[in-house]
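Peer 1: Input: one structure, supplied below.
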Number of protein chains: 4
Amino acid sequence: MALSGQEDVISEGSYVLLYLDGKRKYLTKVEKERVFHTHKGYVVMDSLIGLKYGSRVKSNIGADFVALRPTPWDYVLKVARRTQIIYPKDMALMIFKLGLRPGMRIVEAGTGSGALTCALAFFVRPGVVYSYDIDPQFQEVARKNLERAGLLDYVVLKTKDITEGIDEEDIDAVVLDMATPWLVVPHAHKALKGAGHFVSFSPTVNQVEKTVLELRRYGFIDIKVYELLLREMKVEEGAVRPETLMIGHTGYITFARKALKHQA
Amino acid sequence: MALSGQEDVISEGSYVLLYLDGKRKYLTKVEKERVFHTHKGYVVMDSLIGLKYGSRVKSNIGADFVALRPTPWDYVLKVARRTQIIYPKDMALMIFKLGLRPGMRIVEAGTGSGALTCALAFFVRPGVVYSYDIDPQFQEVARKNLERAGLLDYVVLKTKDITEGIDEEDIDAVVLDMATPWLVVPHAHKALKGAGHFVSFSPTVNQVEKTVLELRRYGFIDIKVYELLLREMKVEEGAVRPETLMIGHTGYITFARKALKHQA
Amino acid sequence: MALSGQEDVISEGSYVLLYLDGKRKYLTKVEKERVFHTHKGYVVMDSLIGLKYGSRVKSNIGADFVALRPTPWDYVLKVARRTQIIYPKDMALMIFKLGLRPGMRIVEAGTGSGALTCALAFFVRPGVVYSYDIDPQFQEVARKNLERAGLLDYVVLKTKDITEGIDEEDIDAVVLDMATPWLVVPHAHKALKGAGHFVSFSPTVNQVEKTVLELRRYGFIDIKVYELLLREMKVEEGAVRPETLMIGHTGYITFARKALKHQA
Amino acid sequence: MALSGQEDVISEGSYVLLYLDGKRKYLTKVEKERVFHTHKGYVVMDSLIGLKYGSRVKSNIGADFVALRPTPWDYVLKVARRTQIIYPKDMALMIFKLGLRPGMRIVEAGTGSGALTCALAFFVRPGVVYSYDIDPQFQEVARKNLERAGLLDYVVLKTKDITEGIDEEDIDAVVLDMATPWLVVPHAHKALKGAGHFVSFSPTVNQVEKTVLELRRYGFIDIKVYELLLREMKVEEGAVRPETLMIGHTGYITFARKALKHQA
């Protein structure tokens, strides 16, 4: 599976990231009699079996590929290419700020293509991610992406509208990437355990404002709103500079923690 | 212990983050007959025993605190206050880009106050972090911080100069936060397993340039240099804006992966 | 006068910027029998008379100062120190985007300490800046700052509420730095000549939203909202890096131009 | 002429910026019997003569254009489209930091397409810009752009290598946009008057480092290196956010001022 394996040697059924150069990397499965075509010729996937990750392989026309083990970062970039709005940099901040750890139980909405779901499941397994989405088609896409990642066992996909309620209780974190996160605040407050984390990703300032006001109304504490800008540097000898083009905005990330009520 | 526990109820020996407001949070240990003093009065730590995380407690003069379970993010902010150069945002990017997972074996240098060591150990345990530093005094500080975090079992502290060599082999990642990372590139290349990760944090562009050129010379691939800017938003109803002051620069993060040599 | 002179030689009544180092510069007037005190000793201002700008002078204890001619940039930094919200970087963008030129007639509000007024007057003289503020005390401060700059002849200070109307007609640009710029949009539309410029500086996103919606309602075109981030680099040989601390936010600048109505 | 006129009414020979929407603006000349074609139909330029700037005109298929007077900002964006590396935001910072004013005498290199030359000439006329470039073909392009802007009278184009020397003396500012600015530092020091300005635009950190070290060696003071990031905001009612794509880097701007030597 793409993300769940730990062995150092590529075997049948493994996923590899075929690396050609900084801009061209291909996520593909190692299967017998499979041939992977690129514009730099094809690679016979059979030939990878038994090699160590990191090995170099040549395409039929002599182009040099390296077979890397995909990380969650690589995987979400590939999975989410089309619908992507949460970028890896934003996922990274969430994962560390929440202190995700094996065994946690998390609620997520919406599932989308499952990119964020994969990242969350990777860090909480053998815990569980309950992932809500109203769109069954998205959940079908997510199911495939989770299966390929080897992480489906740690996810419960729920075709439900999270703004109408959260079924689970004593949850460690509620993670939202949806249009109306403020409508989930009351449900999150009910579902979370004491000191549990609320986090929401939103592209617009207006969503942030509504969500923060609602969080305050429900007594959430440690409310922080961050925006991350990622710059890539271009390094040539004697000529180092930031890249000309940059993703200028992905979204704002709102964090909060649940405080329990005073006891009577 | 500060980071290793998983239970929902505060017990003797637990660490809690006493939250007063967005700018005032105190990391402290729950011990019998201990009293924690703040400028808003004192909290009798005894009184927390048996409460759930997230509970509210009052100081003797009525100030309202919430007892949060510290996350690695909270912990590194407290541990590293004085020597801090790697910020949580940068640690987060490293952790996710490397795909840290339980069981990994990692080499780190320098240990410093052990803040990054804690974060790495949190994600790889029951794996191990081999942490090099030439300064025994720093390692003593780190040992205490790791012990308090409950993570010392997953760290091997080594008072050695990593620019002279790495003892370990088949390592998953080499993580550097030191003045001369380019001197470690040859040793990292030897110590890493195929497709293993090199990552280095450096404040200056000149360090980045030297390191990247050396990584290329050793055939490392997928070399990426990133800089993260974190902006905090200030949210009041009808008045949302980024904060006036901002940390404008922490450092550049250089990532690379080891490709194996062609087989003869 | 501080900004209006053009001669190369310092004379009695000139303003000089006494430069000690990158962080210590003092704006002061050259007068007979005047002594300027700094923590690095005092400078006898008499001794500057007849020297060229750029000359070095020594304080009584041997500290080395350079007598620079102040630019508008230097001047606004000194004038506005306390109430400053528009920074020179933002003024610069306005001045060039509007294409300020000698002879233009401009309306500004609020006057504040007169820092922006100085910058505008510097570029439009012998044109005129009509500067509105409801607070007569601010206008007194501004009057002094404009007088010292030698620019008062090109400014008409008006103690009036600009949200109640603009007296002038056929204006080249309306420049706003005030809490409720959207209330001025109708008046600006009336006062501006065809293709005239509207520009407004606002710290919050909410002000921007209200202003842009109102500009659209009035048929303004070429509406652009910009935010400028200024990073300073720290350059030492072999150690180049951005400065650690940075002003993370000053405000958003909204630009628009007036389109005339279709003729019947 | 595109930038030199001041009248409010469009006449034969005027340049107008035909504005269709935020992304489509066309700089064109008003001439009898001229027809300007766009993908939204054509505009008969004759019909603009006698109209005020800001007037609306319709194309033959009914698309609505507004005839704006081009500002230097608009002009440099159009002129420099292909070779552009200095962006208007960077020009703006230079113009204001230097305090450009009518009558100044400035040296510039390289001329390139003349975009920066236009901006400088606009602010110093009736002063003069001495513009050096080793490439006569570039200077021919620049000559045309300056002529169309109506600013050629204020520019002396010199097909010379500025790294070999500057002919002029008592110059107010030296403005560089070239590959090796550090080679010009000695010449700039000689050519500048006391307190005169040196400014250089460079894309890489390495150029900045060499230039700053050379400036220090020659005793320049008030050395500052800035980088400007311009973010554009996207404003819809209830949905305000920064634009997704952004120019992440144009270049660093190095400022310095000449201090005179101590008198013997």
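Peer 1: Going through the stretch B:196-221 one residue at a time, which ones are more than 23 Å from the chain's Cα centre (by Cα), at the interface with chain A (Cβ under 7 Å from one of its Cβ atoms) and buried (at least 21 other Cβ atoms within 10 Å of the Cβ)? Before the answer, list the steps.
Peer 2: Keep residues of the stretch B:196-221 that are more than 23 Å from the chain's Cα centre (by Cα), which gives B:206, B:209-210, B:212-221.
Subsequent filtering for residues that are at the interface with chain A (Cβ under 7 Å from one of its Cβ atoms) retains B:209, B:212-213, B:221.
B:GLU209, B:VAL212, B:ILE221, listed by residue number.
Peer 1: Please tell me if A:GLU236 is more than 9 Å from every other protein chain (Cβ to nearest Cβ), surrounded by fewer than 18 Cβ atoms within 10 Å (Cβ to Cβ) and of a type in the set (Asp, Glu).
Peer 2: On the way: more than 9 Å from every other protein chain (Cβ to nearest Cβ): no; surrounded by fewer than 18 Cβ atoms within 10 Å (Cβ to Cβ): yes; of a type in the set (Asp, Glu): yes.
In short, no.
Peer 1: Would you confirm whether or not the stretch B:55-67 contains a residue that is surrounded by 14 or more Cβ atoms within 10 Å (Cβ to Cβ), under 29 Å from B:TYR154 (Cβ atoms) and at pLDDT below 90?
Peer 2: Scanning the stretch B:55-67, I find no residue that is surrounded by 14 or more Cβ atoms within 10 Å (Cβ to Cβ), under 29 Å from B:TYR154 (Cβ atoms) and at pLDDT below 90, so the answer is no.
Peer 1: In the stretch B:107-139, what residues are under 15 Å from the mean Cα position of the chain (by Cα) and within 14 Å of chain A (Cβ to nearest Cβ)?
Peer 2: Matches in the stretch B:107-139: B:ALA115, B:LEU116, B:CYS118, B:ALA119, B:LEU120, B:ALA121, B:PHE122, B:PHE123, B:VAL124, B:ARG125.
Peer 1: Which of (1) closer than 23 Å to A:TRP73 by Cβ; (2) crowded, with 23+ Cβ neighbours inside 10 Å does A:ARG143 not meet, given it meets every other one?
Peer 2: Looking at each condition in turn, A:ARG143 falls short on (2).
Peer 1: Take the residues of the stretch B:222-262 that are within 24 Å of the chain's Cα centre (by Cα) and small (Gly, Ala, Ser): which is nearest to A:GLY251 (Cα to Cα)?
Peer 2: The extreme case among them is B:GLY248.
Peer 1: Looking at D:PHE36 and the list (1) crowded, with 17+ Cβ neighbours inside 10 Å; (2) under 26 Å from C:ILE171 (Cα atoms), which single condition is not satisfied?
Peer 2: Result: D:PHE36 fails condition (2) only.
Peer 1: What is the residue count in the stretch C:96-116 for residues that are of a type in the set (A, V, I, L, M, F, W, C) and surrounded by fewer than 24 Cβ atoms within 10 Å (Cβ to Cβ)?
Peer 2: Adding up the residues that qualify gives 1.
Peer 1: Residues that are of a type in the set (Gly, Ala, Ser): list the strands (runs of 3 or more DSSP E) wholly contained in the stretch C:169-242 that include at least 2 such residues. Even if it seems obvious, please write down each step before you answer.
Peer 2: Working: elements: C:171-176, C:192-202, C:221-236, C:239-242.
Output list reads C:192-202.
Yes or no, residue by residue, for (1) of a type outside the set (Ser, Thr, Tyr); (2) farther than 21 Å from B:GLY251 by Cβ:
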site	(1), (2)
B:ASP167	yes, yes
B:VAL174	yes, no
B:TRP182	yes, no
B:ASN206	yes, no
B:LEU215	yes, no
B:TYR218	no, yes
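Peer 1: Sort out which residues of the stretch A:3-20 are facing chain B (nearest Cβ under 8 Å) and either of a type in the set (Asp, Glu) or farther than 17 Å from B:ALA256 by Cα (or both), and write them in order of number.
Peer 2: Selection gives A:LEU3, A:GLN6, A:ASP8.
Peer 1: If you don't mind, another one. On the basis of being surrounded by 22 or more Cβ atoms within 10 Å (Cβ to Cβ), charged (D, E, K, R) and in contact with a strand residue (DSSP E or B) (Cβ under 6 Å, 6 or more places away or on another chain), does B:ASP133 make the cut? Show your work before the answer.
Peer 2: Details: surrounded by 22 or more Cβ atoms within 10 Å (Cβ to Cβ): yes; charged (D, E, K, R): yes; in contact with a strand residue (DSSP E or B) (Cβ under 6 Å, 6 or more places away or on another chain): no.
In short, no.
Peer 1: Would you check if C:PHE36 is part of a strand (DSSP E or B), without any contact (Cβ under 8 Å) to a residue 40 or more places away in the chain, within 28 Å of the chain's Cα centre (by Cα) and over 30 Å from C:GLY248 (Cβ atoms)?
Peer 2: Judged against the criteria, C:PHE36 is a match.
Table: residues versus (1) over 25 Å from A:GLY238 (Cβ atoms); (2) touching a Lys or Arg at 6+ places or on another chain (Cβ under 9 Å); (3) not hydroxyl-bearing (Ser, Thr, Tyr).
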site: D:GLN139; (1), (2), (3): yes, yes, yes
site: D:GLU147; (1), (2), (3): yes, no, yes
site: D:LEU152; (1), (2), (3): yes, yes, yes
site: D:LYS160; (1), (2), (3): yes, no, yes
site: D:ILE166; (1), (2), (3): yes, yes, yes
site: D:GLU209; (1), (2), (3): no, no, yes
site: D:LEU228; (1), (2), (3): no, yes, yes
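Peer 1: Can you name the residue in the stretch D:244-264 that is touching a residue at least 40 places away in the same chain (Cβ under 8 Å), part of a loop (DSSP other than H, G, I, E, B) and at the interface with another protein chain (Cβ under 7 Å from one of its Cβ atoms) and is also nearest to A:VAL240 (Cα to Cα) among such residues?
Peer 2: Out of the qualifying residues, it is D:HIS249.
Peer 1: Which members of the stretch C:1-33 meet the condition of being charged (D, E, K, R) and either in the same structural domain as C:VAL155 (by TED's automatic domain parsing) or farther than 24 Å from D:ILE171 by Cβ (or both)?
Peer 2: Correct list: C:GLU12, C:ASP21, C:LYS23, C:ARG24, C:LYS29, C:GLU31, C:LYS32, C:GLU33.
The values are calculated or read from the model by the stated rules, or taken from the named source; none is laboratory data. Small disclaimer: the values here were computed from a predicted structure and weren't measured. When we count neighbours, we look across all protein chains shown, and the Cβ atoms used for this are built from the backbone with ideal geometry, even at glycine.
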